[in-house]
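Step one of this worksheet: look at the structure below.
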Amino acid sequence: MTSPAEGSTTATSAVPSGPPRVGACGAPAAFVVRADGAPAERTGSARRRRVRWHAGVCLAVLLGVLYLARRHWATLESGAGRLAGADPGWLLLGATAAVGTWAASALAQQGAVVRRLPGPRLVAAQFAASAANHLLPAGLGAGAVNLRFLMRCGLPTARSASALAVKATAGAVARLALIALLAPACPGLLRLPHLTPAALAVVPGALLPLATLPLTPWWPRCRRALAGVLADIRALHAGPARAVALWGGSLAFAALHSLVLVAVTRAVAVPLPPLQVALLYLAASSAAALLPSPGGLGTLDAALAYALTATGTPAAAAASAVLGYRMLTVWLPLLPGLLVLGVLVRRKAV
């Protein structure tokens with residue numbers, strides 16, 4: 001065990017030689033002992049408050065989704081009937097692209113760390129994470145699975161969290177880059193919504209928390225975390241292979257999800273060119289990422305349906321396309337993904 005530096009107020013920890021200990025429900029056990037003698041339960045209490053807040057927001061979003069589904073039940077029923085008669089060849093292509101998203105996610109995750117990760121277990125962890133992501137809001141499920149996996153591979157907690165931040169940042173940048181690439185090929189497809197004076201008045205209030213962040217007690221911690229992420233990004237880009245894996249996997253992940261929706265729209269005969277469908281997906285998924293629902297459930301569906309109908313697609317056809325996309329990316333892989341997660345937990349791979 002190493003001793004803390006003189007005058008340090010940071011925590012110290014004993015790092016065992018074996019895999020990290022776990023607490024109840026498989027959560028990582030806290031080894032932190034505060035130097036000022038403050039009770040360690042504060043961290044757990046803050047975490048529980050965050051989880052309750054996320055759960056409350058998630059519940060509100062799901063209730064809104066159920067309300068909208070009840071109002072538009074006839075359209076959803078018609079869309080489901082249309083999906084039942086879809087072209088199986090295009091659906092098979094969409095399913096193949098959906099499988100490819102897990103390999104692309106694994107490639108991006110490998111690119112986000114310097115250490116070599118076990119390939120088959122890495123892909124299995126991404127498959128399990130995609131299932132867990134639809135059970136908790138704001139990506140908490142996928143983040144927890146990937147964090148545990150990286151820690152089991154020997155990465156410290158801080159480095160594991162930084163690797164997840166690097167991957168998430170690369171994914172967001174990749175979506176924006178693809179939007180910038182496709183937007184000139186589809187002029188007029190994306191239009192900024194008209195903002196009323198009341199909506200513009202909300203913008204300063206929304207930006208106020210960011211503006212006051214340097215004045216809060218959390219600023220030093222946020223600054224250290226950001227500095228760690230930037231240092232990891234610089235270290236990763238020192239190796240071309242890691243940079244190619246990170247950005248190639250991130251771009252492939254977004255492109256393959258777009259291909260899933262393109263294949264489904266072709267299967268249900270939605271009269272939209274593939275490039276327009278891909279651009280609509282990228283824009284809708286970027287907008288849906290702003291709301292913390294599990295796996296974008298409800299928010300992404302509503303954004304996709306709105307984007308498709310705004311181009312003149314009939315409501316029933318748009319509903320069938322969204323239902324088909326969800327079927328291939330969520331509902332069919334959900335149970336197998338949870339089973340794989342159980343196997344990984346039992347084998348102490350996560």
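A few comments on the model shown:
- In this structure the amide hydrogen of Leu117, modeled in the peptide plane, comes within under 5 Å of no amide hydrogen from residues 5 or more places off or on another chain.
- Residue separation of Leu275 and Leu339 scaled by 0.36 nm, minus their Cα-Cα distance, works out to 19.5 nm of gained length.
- Sequence of Arg159, Arg234 from largest to smallest accessible area, 1.4 Å probe: Arg234, Arg159
- Our coupling estimate for segment 240-248, obtained by passing each phi through the Karplus curve with A = 6.51, B = -1.76, C = 1.60 and θ = phi - 60°, is x, 5, 5, 5, 5, 5, 5, 6, x Hz, Gly and Pro reported as x.
The values are calculated or read from the model by the stated rules, or taken from the named source; none is laboratory data. Everything quoted here is computed from the prediction, not taken from an experiment. Each accessible area value is taken on the protein alone, full model and side chains, heavy atoms only, with ligands, DNA and RNA left out. Shrake-Rupley method; radii C 1.70, N 1.55, O 1.52, S 1.80 Å.
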